[in-house]
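Participant: So that we are looking at the same thing, I have put the structure below in structure tokens.
The values are calculated or read from the model by the stated rules, or taken from the named source; none is laboratory data. Every value quoted in this text rests on a predicted model; they were computed, and no experiment measured them. Reconstructed Cβ throughout: ideal geometry from the backbone, glycine too, with neighbour counts over all protein chains shown. The area values use the complete protein model at the heavy-atom level, side chains included, leaving out ligands, DNA and RNA. Shrake-Rupley method; radii C 1.70, N 1.55, O 1.52, S 1.80 Å.
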Amino acid sequence: MTPPIRVYAISTCIHCKRAKEYLDQCGAPYEPIHVDLLTGQERSDALTEVKKYNPAQSFPTIIIGDVVIVGFRQNEIASALGII
């Protein structure tokens, strides 16, 4: 069973897009959170959440279960999903 996955992303970010495409190819369901499309308290809460996992607040920040992956790192994503 796939652990819960959240992808904090920027809607125009190519690395974010590639990470989401890879998760789609793997058939892994995930919750995309496009921080740049949020406003007000929702955006503030999302950035606070990202900062807990990734103090640099760079994107994508991918949470797979207890594993945090910053950037599109295909091998790390595959490992966290149990593919390799």
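Participant: Any residue at all in segment 66-75 that's open to solvent by less than 80 Å² (accessible area, probe 1.4 Å), at pLDDT below 95 and of a type outside the set (Ser, Thr, Tyr)?
Facilitator: No; the residues of segment 66-75 include none that is open to solvent by less than 80 Å² (accessible area, probe 1.4 Å), at pLDDT below 95 and of a type outside the set (Ser, Thr, Tyr).
Participant: Let me ask another. Enumerate the pairs (first residue in segment 11-38 and more than 20 Å from Gly82 (Cβ to Cβ); second residue anywhere and open to solvent by less than 80 Å² (accessible area, probe 1.4 Å) and of a type in the set (Asp, Glu)) with beta-carbon separation below 6 Å, excluding pairs fewer than 6 apart on the same chain, so at least 6 apart or on different chains.
Facilitator: Filtered contacts from segment 11-38: Ser11/Asp36.
Participant: Select from segment 1-15 the residues that are touching an Asp or Glu at 6+ places or on another chain (Cβ under 8 Å) and surrounded by 15 or more Cβ atoms within 10 Å (Cβ to Cβ) and list them in ascending order.
Facilitator: Those that are touching an Asp or Glu at 6+ places or on another chain (Cβ under 8 Å) and surrounded by 15 or more Cβ atoms within 10 Å (Cβ to Cβ): Ile5, Arg6, Val7, Tyr8, Ile10.
Participant: Any residue that is modelled with pLDDT of 95 or more, in a strand (DSSP E or B) and either surrounded by 13 or more Cβ atoms within 10 Å (Cβ to Cβ) or basic (Lys, Arg) (or both) - is there at least one of those in segment 39-60?
Facilitator: Checking segment 39-60: not a single residue is modelled with pLDDT of 95 or more, in a strand (DSSP E or B) and either surrounded by 13 or more Cβ atoms within 10 Å (Cβ to Cβ) or basic (Lys, Arg) (or both).
Participant: Yes or no: segment 67-74 includes at least one residue that is within 18 Å of Lys17 (Cβ to Cβ) and in a helix (DSSP H, G or I).
Facilitator: Yes.
Participant: Another question, then. Test Ile64 against the stated conditions and say whether it is closer than 22 Å to Ile83 by Cβ, β-branched (Val, Ile, Thr) and touching a residue at least 24 places away in the same chain (Cβ under 8 Å).
Facilitator: In short, yes.
Participant: Please give the number of the condition Arg18 fails out of (1) open to solvent by less than 80 Å² (accessible area, probe 1.4 Å); (2) of a type in the set (D, E, K, R); (3) within 15 Å of Arg73 (Cα to Cα).
Facilitator: Unmet for Arg18, out of (1) open to solvent by less than 80 Å² (accessible area, probe 1.4 Å); (2) of a type in the set (D, E, K, R); (3) within 15 Å of Arg73 (Cα to Cα): (1).
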